[in-house]
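Novice: Handing you a structure now.
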Amino acid sequence: MSQPIILASSSAYRQQQLSALGLRIKSAAPDIDESSSSSESAKSLAERLAKAKAQKVADQYPSSIIIGSDQTASVDINGNQLILGKAGNFDKAKQQLTYCQGKTVTFFSAVCLYCAEINRSIVRTEVTKVKFRRLDEKDIVSYLRSEQPYDCAGSFKAEGRGILLFERLSSRDPNALIGMPLILLREMLAEFDIDLLALATQTKA
C-alpha cells in the first residue's frame, strides 16, 4: 500500500517512539471526549478511544492510514477494578500511586489502524502487568516532585525514574508502557502490507 501514515496523537511520548525508529510520520491531535462509562472496562475504554482518535483524524486524511492509540490501567481495590487514566495533577497522581503500591497493575495499550478510503480498521491491545514495590508516602512524593508524570496513565514514566517504582513487569514489549507497543504496531501494519522495518530503514537512509 502507498497510503501515507498519520499518527492520531498529541502525545510527545508516542511521537518520540516513532522518531527513535527513524520514522518521519506526521501527527494530528484528535479532539475527542475521553470520559468513560461506569460499565466500561479498562481494556474496552482503551480500544474505544484508540479507534475514536483514528476515526476523528481520518476526517482530515481520508486516504491515509491512521494510527490511533490509547492506554489505560486497572488495579484491584477491595475487590473492584479501578480504572487509572491520566492523573492530571499532583494530588490525583499521589492517590493513584498509593493505590498501586505493593500491587499488580494491568496496563492496556490499544492500537487502531484505520483507513476510511478502503473502509478498514484493526484494533488490538498489548497487555502489560506491573508489580509495584511497596512505597511509603515519602517515596511517592519524591518521585512525583522529580518527574511530574501527570500526563501518563498510572502516574509514572517507565522510560525515566518510574522504572524504579517496580518490582517486575511482564510484557512481550516494554515499549507498550511508554505509550506505543511497537511490536504490535509492526504486526498490524503488516496486515496493511506495510513493512515497518523497511519503512524505518528507508527513512533513515
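Novice: Could you tell me how many of the residues in the stretch 133-150 are over 19 Å from the mean Cα position of the chain (by Cα), within 26 Å of residue 170 (Cβ to Cβ) and surrounded by 14 or more Cβ atoms within 10 Å (Cβ to Cβ)?
Specialist: Of the residues in the stretch 133-150, 5 are over 19 Å from the mean Cα position of the chain (by Cα), within 26 Å of residue 170 (Cβ to Cβ) and surrounded by 14 or more Cβ atoms within 10 Å (Cβ to Cβ).
Novice: For the stretch 92-107, check the following and say yes or no: at least one residue is basic (Lys, Arg), on the phi < 0 side of the Ramachandran plot and touching a Leu at 6+ places or on another chain (Cβ under 7 Å).
Specialist: Yes, because at least one residue in the stretch 92-107 is basic (Lys, Arg), on the phi < 0 side of the Ramachandran plot and touching a Leu at 6+ places or on another chain (Cβ under 7 Å).
Novice: How many residues, within the stretch 91-136, are without any contact (Cβ under 8 Å) to a residue 40 or more places away in the chain and of a type in the set (Asp, Glu)?
Specialist: The number of residues fulfilling the criteria is 2.
Novice: Identify, from the list 6, 83, 32, the residue that is of a type in the set (A, V, I, L, M), at pLDDT below 90 and surrounded by 14 or more Cβ atoms within 10 Å (Cβ to Cβ).
Specialist: The match here is 32.
Novice: Moving to a separate point now. Filtering the stretch 9-29 down to residues that are of a type in the set (Gly, Ala, Ser), closer than 19 Å to residue 198 by Cβ and under 17 Å from the mean Cα position of the chain (by Cα), which residue is surrounded by the most Cβ atoms within 10 Å (Cβ to Cβ)?
Specialist: Only one residue fits best here, namely 19.
Novice: While we're on this one: Can you tell me which residue is modelled with the lowest pLDDT among those in the stretch 186-199 that are out of contact with any helix residue (DSSP H, G or I) (no Cβ under 7 Å at 6 or more places or on another chain) and surrounded by 16 or more Cβ atoms within 10 Å (Cβ to Cβ)?
Specialist: Per the criteria, the residue is 199.
Each row is one residue, and each column tells you yes or no for (1) assigned to a loop (DSSP other than H, G, I, E, B); (2) more than 22 Å from residue 16 (Cβ to Cβ); (3) modelled with pLDDT of 95 or more.
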position	(1), (2), (3)
94	no, yes, yes
106	no, yes, yes
118	yes, yes, no
135	yes, yes, yes
144	no, no, yes
155	yes, no, no
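Novice: Output the residues belonging to the stretch 19-53 that are within 26 Å of residue 74 (Cβ to Cβ), out of contact with any Ser or Thr (no Cβ under 7 Å at 6 or more places or on another chain) and aliphatic (A, V, I, L, M).
Specialist: Result: 32, 49, 52.
The values are calculated or read from the model by the stated rules, or taken from the named source; none is laboratory data. These figures come from a predicted structure and were not determined experimentally. Every residue, glycine among them, receives a Cβ derived from its backbone with ideal geometry; neighbour counts consider all protein chains shown.
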